[in-house]
Structure formats: structure tokens, C-alpha cells
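See structure below.
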Amino acid sequence: MRTLLSPLIIIYRVYFALVFFSVLTILYPIFWILLLKRENFEKVFRLKVFTAKLILAFDFIFLVRLKKLPDLSNGPYVICPNHASYLDIILMYAILPKTKFLFIGKSELLRWPIINIFFKKVDIAVNREKRNSAMRSIIRAKEELKNGWSIVIFPEGGIPVDAPKLDQFKNGAFKMALEAQVPILPITILDNWKLLGTDPVLTGIACPGKSRVIVHDPIPTICLDKKDLVNLRQQTFETINQPLKENLIS
């Protein structure tokens, strides 16, 4: 069956890429002008939300919330979604359109055409192989939390080979939340792994459809410290993983 569908999969993947880069290319001059000034960052975020919703609409991908969005007025947050597809990044703007946030991402994104402008100007690129660079990125993220911006970190550190099964969570997101004393906001994304697979580039699984999402209640960190890191990390893992087990694995 997969072999029979391969031509359609290739067509959809090419179509998805064309939509993505066409929309961003058209809006690129507006982003470039807005990013000249720090005070425009909230306008940039709102334009990102509009751009993401436009891309999702043209690609026939529809967000479905399985749970009412919790009260998020007590932010900022360290936002921790599971990571199973590059689609996760686009979808985040539709999931939380009113919670301004920045991404922390790998420094490799600085080499990607068009989207690298965001990681040069507003989002935060991390080179984990260079300690000084990594430290500067973490300091910047903590400053943004103080400025009221939430920070999105995929706690797995990348897309697992056997997604949607979770990889072990890394400590960075939880250290940051504890040090800044801001809540963790866990998010479970159920379907993106089968809407836009990562490999192979041309023939990996891809199709339009529904993307089911659960935004869980925030996990507070007030009065917690570094000795609570393991428990906080495990609580977040279990919160995100439970719906995956119920809907996909069991």
C-alpha cells in the first residue's frame, strides 16, 4: 500500500514545501523590516501566527484540541512539547496564538534559507558543542523570560528516530524553569509524525489531516530548586507521554 501511495506522498511533500517557502518568501520583506527594531518583536510574533495558520490552511492540516486550553494568564512559561515532525514548529503558533513565545533551536537552523532570519534576530539558536555559545543562549532565554516571553524547548533535544515514542528528556528546559521560577507548560502533539514524517526526504509519510493536541495544565516550580529537577522532568515526561500511550501505542 505504501508503495502504491508513493507518488501521492511525493506530490504532497513537494506541495507542502512549495506552500511553506512561497508564503514565507512573500511575507519575508515585512518580517525583515519589522525585525530591524526590538520593539516590533510582538508584531513579528502576531505575523508568525498569521503565517503559520495560512500555511496550515493551504496544506489542509487542521488543529484539533482534545482539551480546553488552560488559563495561561500567569506566564511566562517554559513550554515543552514532544517533537515528532518539523510540522510541530509551525503548529505551535496555532496552538498558542495568544501566548507570545520564542523558540530555542539548534544552531543548524542558522543555515536554513529564509527561516534563518528568525534565529538571527528573535528566536534563540544554541550551539551545544560550544560551551560559551550555549551559555550565552541560556542567558538570553532567561532574560526573555524576565521580559514576559515564554520559551519553547523540545525537551527531547530533537526528533526521535522511532517517533512518536518519546526519547529521554534532557535537563535544559527544567534547569531553566527552576532557575527562573516559571512554570513548565507540557504539550502533547499526537499526529504530526504521520502527517509529515522526517525521513526519507521525498518518500517519508505525508498527508493532510487532523493534528490532535493537548495543552496540559502548567506545572508550577515556585519553591522548587535543583534537587527537584529529576522529579520535575519525570512529571513532565509522564504528563506528555500518557496521551501518546493511550492514543498511539497501546
#### Entry: Residue that is farthest from the chain's Cα centre (by Cα), among those in the stretch 192-237 that are of a type in the set (Lys, Arg) and more than 18 Å from ASP162 (Cβ to Cβ)
LYS227
### Message
Would you confirm, using the coordinates I've provided, whether SER6 is free of Cβ contacts under 8 Å to residues at least 24 places away in the same chain, exposed (fewer than 15 other Cβ atoms within 10 Å of the Cβ) and not in a loop (DSSP other than H, G, I, E, B)?
### Response
no
## Note on the structure
Exactly one of PHE41, PHE45, PHE118, PHE50 is among the aromatic types (Phe, Trp, Tyr), under 30 Å from ILE11 (Cβ atoms), out of contact with any Ser or Thr (no Cβ under 7 Å at 6 or more places or on another chain) and surrounded by 15 or more Cβ atoms within 10 Å (Cβ to Cβ), and that one is PHE118
## Note on the structure
Scanning the stretch 90-115 for residues that are hydrophobic (A, V, I, L, M, F, W, C) and in a helix (DSSP H, G or I), the one surrounded by the fewest Cβ atoms within 10 Å (Cβ to Cβ) turns out to be LEU110
### Query
Looking at LEU47, LEU56, LEU34, LEU8, which one is more than 23 Å from ALA177 (Cα to Cα), more than 18 Å from the chain's Cα centre (by Cα) and modelled with pLDDT of 95 or more?
LEU34
### Message
Which of the numbered conditions does TRP193 fail, given that it passes all the others? Conditions: (1) under 17 Å from PHE16 (Cα atoms); (2) modelled with pLDDT of 95 or more; (3) touching a Pro at 6+ places or on another chain (Cβ under 8 Å).
### Response
(2)
### Task
Answer with yes or no whether LYS67 is over 24 Å from PHE31 (Cα atoms), among the basic types (Lys, Arg), touching a residue at least 12 places away in the same chain (Cβ under 8 Å) and in a helix (DSSP H, G or I).
no
### Message
Could you go through the stretch 78-88 and let me know if any residue there is among the small types (Gly, Ala, Ser) and over 22 Å from SER211 (Cα atoms).
### Response
no
### Task
Kindly list, by first and then second residue, each pair from a residue in the stretch 37-64 that is in a helix (DSSP H, G or I) to a residue that is among the polar types (S, T, N, Q) and surrounded by fewer than 16 Cβ atoms within 10 Å (Cβ to Cβ), limited to pairs with Cβ atoms under 9 Å and residues at least 6 apart or on different chains.
PHE58/SER22
### Message
Among the residues of the stretch 106-115, are any within 28 Å of PHE58 (Cβ to Cβ) and touching a Gly at 6+ places or on another chain (Cβ under 7 Å)?
### Response
no
### Message
Looking at TYR12, TYR28 in this structure, which one is aromatic (Phe, Trp, Tyr), in a helix (DSSP H, G or I) and in contact with a Pro (Cβ under 8 Å, 6 or more places away or on another chain)?
### Response
TYR12
### Message
If I filter the stretch 92-99 for residues that are modelled with pLDDT of 95 or more, polar (S, T, N, Q) and more than 11 Å from the chain's Cα centre (by Cα), do I get at least one hit?
### Response
yes
### Task
Output the residues belonging to the stretch 108-131 that are polar (S, T, N, Q) and more than 19 Å from ASN171 (Cβ to Cβ).
ASN116
### Task
Just need a number here: residues in the stretch 217-234 that are polar (S, T, N, Q) and more than 14 Å from GLN181 (Cα to Cα).
2
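The values are calculated or read from the model by the stated rules, or taken from the named source; none is laboratory data. Here the structure is a predicted model, which is why all the values come from computation and not from measurement. Every residue, glycine among them, receives a Cβ derived from its backbone with ideal geometry; neighbour counts consider all protein chains shown.
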